[in-house]
There are 2 protein chains.
Amino acid sequence: MRIAIDAMGGDHAPKSTVEGALAAAKEWSDIEVILVGDKEALEPLILDAPPNLRIHHAGEVIEPEDEPVKAVRRKKDASMVVAGRLVREGKADAMISAGNTGALMTTGLLVVGRMEGIERPALAPMIPTVDERGVLALDLGANMDAKPEHLAQYALMGSIYRQKVHGIANPRVGLLNVGTEPGKGNELTKVAYPLIQEMPINFVGNVEARDVLTGACDVLVCDGFAGNILLKSLEGTAGTIFSLLKKEFSKSLKNKLAAAVLMPSLRNMKKTLDYKEHGGAPLLGLSGLVVKGHGSSDGGAIKNAVRQARTAIQGRLTESISNEISGKRVTE
Amino acid sequence: MRIAIDAMGGDHAPKSTVEGALAAAKEWSDIEVILVGDKEALEPLILDAPPNLRIHHAGEVIEPEDEPVKAVRRKKDASMVVAGRLVREGKADAMISAGNTGALMTTGLLVVGRMEGIERPALAPMIPTVDERGVLALDLGANMDAKPEHLAQYALMGSIYRQKVHGIANPRVGLLNVGTEPGKGNELTKVAYPLIQEMPINFVGNVEARDVLTGACDVLVCDGFAGNILLKSLEGTAGTIFSLLKKEFSKSLKNKLAAAVLMPSLRNMKKTLDYKEHGGAPLLGLSGLVVKGHGSSDGGAIKNAVRQARTAIQGRLTESISNEISGKRVTE
């Protein structure tokens, strides 16, 4: 299994990516880690490299502020683009990047390429839940507008991912909606509902935004716009409450002392609700595996993304999705 | 000013509605409160009625589980429908109901009637913010699908409401979106953005879901679907965090003692974020004023809704919206 890492992508790259790559290569001898990036910048960081780690030189870098489509088209030797090309050409089984999100989605579409039968690849991060299972939400930002058929494909891809990568036997797939009854929603969700019902998955129906955090489903299907509103609202509310708590808890000496006692509990809770703890987000529906790491990924997060990619490759994720999609298309 | 109250609507009606009506009639001598409902049920509850309170009999009741359109069409003598008819016929300047939300929106559309030039009336509740100004969000549930022109009308109506009812001189109007830069969003928000720019309001551009709670704007414009996702996600996240806190804080005696010290602070915070504290939600864009009270309204909440209606009538809210809309149409 060959896993390419965009060594130059992310707020803490290349330190974070090298650390993660080294740790992963040492832990799993059945993978080959390909660090894609500037050889001269990377070599000094790598001492005592294990035999299953190598550098693949790429001379350019896509910056966080680059305009995605332009950057991917023009910077043909950028580490992210080169990593994508390795996947496209079958020289790597997966790629990981913590770089510019828009550019990574563009690399997925233009360099790696769509899977046959998939109209719109989807970005599928985990949203934390109170029961700590988490929920895979898709699409979260790859496509702002979706058609009902896209939502049905998201449902299928998400269900397969949860089975293959997280080992969940019969993932509960829900449709993000404004009420639980069938027939609720906007035009998009009303038409998508019966299409999702036809999929060979465990569709549990509509799920309201307020029930996502408590773990109402394992896969949450939504268009990229609604998904963004959901995730940002969740993050914003949690962040706001924790900063209000901090303010209230430091109002008096009495409060400060009491808060100190509760601090471990609060830290625990904050961690439970921190989506950054939940690993990388796969871009599903491409002809090869692409995993997006959070921009602020450290070495541990990069190593976790490698673990994810390794499990997905072992589970033959891409082939499974492709088979289901083409099977589905044949029977239509 | 004559304000009709659907005396039979709400979880705690008619006790809550009678209490609220009595308190309002006693506080404001410049209004006439019309309690619409079953005379026999209401009369025993009203002792010592002030002269500016009277009962208008209505023999039927729309129940929470009634199908909205059917109920409004068939129960012509329902308290909610009769109150709507009083507004339509100019016998009341406003109506308030804490009953079946769908039925109230139907009453607004079919009985009170749309304002000329308005395609879609909008439900506009307040979402609490940390700075305690709150944000008026519309549409939150009257229409699941919106066209760009509807969003532009929401922006105008919301701005006028904040001026007339809350006395905000130059309300900041934001468009709920996935990023702050113009050009971000789905088809709907991309097309709506320049239309909102043309409105005679203080448009501050796109607002992300995570910035709503911190008070990024005074009026938040969105379609009913996205608005529902936002509000339910906010409620769900806050509710989940408070129940996690409760659980963590009762884990040990030490924690319980510390939590007891912080309890007043926590209660304060919870109250700050409780949308029920923020009064009734107007249905904007009708030919008369309709205010929706929360289903769990008590007497105090009903009185607050009367206060809102009174301020709106004093500010000539409906006429102001109508003038702006027709002015706008004339200049096109």
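Scanning segment B:238-250 for residues that are open to solvent by 20 Å² or more (accessible area, probe 1.4 Å) and either among the hydroxyl-bearing types (Ser, Thr, Tyr) or in contact with a Ser or Thr (Cβ under 7 Å, 6 or more places away or on another chain) (or both) turns up B:Ser243, B:Glu248, B:Ser250. Report yes if some residue within segment A:205-217 is assigned to a helix (DSSP H, G or I) and within 19 Å of A:Asp139 (Cβ to Cβ); otherwise report no. For segment A:205-217, residues assigned to a helix (DSSP H, G or I) and within 19 Å of A:Asp139 (Cβ to Cβ): present.
Residue check: B:His150 meets all listed conditions (1) at pLDDT below 95; (2) surrounded by 21 or more Cβ atoms within 10 Å (Cβ to Cβ) but one, namely (1). Within segment A:28-39, the presence of at least one residue that is part of a strand (DSSP E or B), open to solvent by 40 Å² or more (accessible area, probe 1.4 Å) and of a type outside the set (S, T, N, Q) is confirmed. Out of B:Glu181, B:Glu198, one residue alone is open to solvent by 60 Å² or more (accessible area, probe 1.4 Å), touching a helix residue (DSSP H, G or I) at 6+ places or on another chain (Cβ under 9 Å) and not hydrophobic (A, V, I, L, M, F, W, C). It is B:Glu198. Selection within segment B:180-211: residues that are closer than 26 Å to A:Lys147 by Cβ and among the charged types (D, E, K, R). The member of this set that is nearest to the chain's Cα centre (by Cα) is B:Glu208.
Looking for something facing chain B (nearest Cβ under 8 Å) and closer than 24 Å to A:Arg114 by Cα - is there at least one such residue anywhere in segment A:261-274? Within segment A:261-274, not a single residue is facing chain B (nearest Cβ under 8 Å) and closer than 24 Å to A:Arg114 by Cα.
Residues in segment A:60-77 that are hydrophobic (A, V, I, L, M, F, W, C) and under 13 Å from A:Val111 (Cβ atoms): A:Ile62, A:Val69, A:Ala71, A:Val72. Exactly one residue out of A:Ala169, A:Ala192 is among the small types (Gly, Ala, Ser) and open to solvent by 60 Å² or more (accessible area, probe 1.4 Å): that is A:Ala169. Just one of the listed residues (A:Leu42, A:Leu53, A:Leu35, A:Leu47) is at pLDDT below 95 and either assigned by TED's automatic domain parsing to the domain that holds A:Ala13 or not aliphatic (A, V, I, L, M) (or both), namely A:Leu47. Filtering segment A:14-27 to residues that are within 16 Å of A:Thr311 (Cβ to Cβ) and either open to solvent by 80 Å² or more (accessible area, probe 1.4 Å) or of a type in the set (Phe, Trp, Tyr) (or both) leaves only A:Glu27.
Identify all residues within segment A:216-237 that are within 7 Å of chain B (Cβ to nearest Cβ), of a type outside the set (S, T, N, Q) and surrounded by 24 or more Cβ atoms within 10 Å (Cβ to Cβ); write none if there are none. Listed by number, the residues that qualify are A:Phe225, A:Ala226, A:Ile229, A:Leu230, A:Leu234.
Looking at A:Asn323, A:Asn228, A:Asn304, can you tell me which residue is in a helix (DSSP H, G or I) and either over 17 Å from the mean Cα position of the chain (by Cα) or without any contact (Cβ under 8 Å) to a residue 24 or more places away in the chain (or both)? Being in a helix (DSSP H, G or I) and either over 17 Å from the mean Cα position of the chain (by Cα) or without any contact (Cβ under 8 Å) to a residue 24 or more places away in the chain (or both) holds for just one of A:Asn323, A:Asn228, A:Asn304, which is A:Asn323. Of the residues in segment A:239-253, none is outside any helix (DSSP H, G or I), within 32 Å of the chain's Cα centre (by Cα) and at the interface with another protein chain (Cβ under 8 Å from one of its Cβ atoms). Would a scan of segment A:87-109 turn up a residue that is modelled with pLDDT under 95, in contact with a strand residue (DSSP E or B) (Cβ under 9 Å, 6 or more places away or on another chain), assigned by TED's automatic domain parsing to the domain that holds A:Ser16 and among the hydroxyl-bearing types (Ser, Thr, Tyr)? Yes, segment A:87-109 contains a residue that is modelled with pLDDT under 95, in contact with a strand residue (DSSP E or B) (Cβ under 9 Å, 6 or more places away or on another chain), assigned by TED's automatic domain parsing to the domain that holds A:Ser16 and among the hydroxyl-bearing types (Ser, Thr, Tyr). Selection of segment B:172-201 for residues being more than 14 Å from chain A (Cβ to nearest Cβ) and in contact (Cβ under 8 Å) with a residue 40 or more places away in the chain yields B:Arg172, B:Val173, B:Leu195, B:Ile196, B:Glu198, B:Met199, B:Pro200, B:Ile201.
Table: residues versus (1) open to solvent by 50 Å² or more (accessible area, probe 1.4 Å); (2) within 19 Å of A:Gly9 (Cα to Cα); (3) in contact with a Ser or Thr (Cβ under 8 Å, 6 or more places away or on another chain); (4) not acidic (Asp, Glu).
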| site | (1), (2), (3), (4) |
| --- | --- |
| A:Ser265 | no, no, no, yes |
| A:Gly279 | no, yes, no, yes |
| A:Pro282 | no, yes, no, yes |
| A:His294 | yes, yes, no, yes |
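Checking each residue in segment A:112-139 for being among the charged types (D, E, K, R) and on the phi > 0 side of the Ramachandran plot picks out only A:Glu132.
The values are calculated or read from the model by the stated rules, or taken from the named source; none is laboratory data. All figures in this text were calculated on a predicted structure; none of them were measured in a lab. Heads up, the Cβs are rebuilt from the backbone with ideal geometry, glycines too, and the neighbour counts pull from every protein chain shown. The area values use the complete protein model at the heavy-atom level, side chains included, leaving out ligands, DNA and RNA. Shrake-Rupley method; radii C 1.70, N 1.55, O 1.52, S 1.80 Å.
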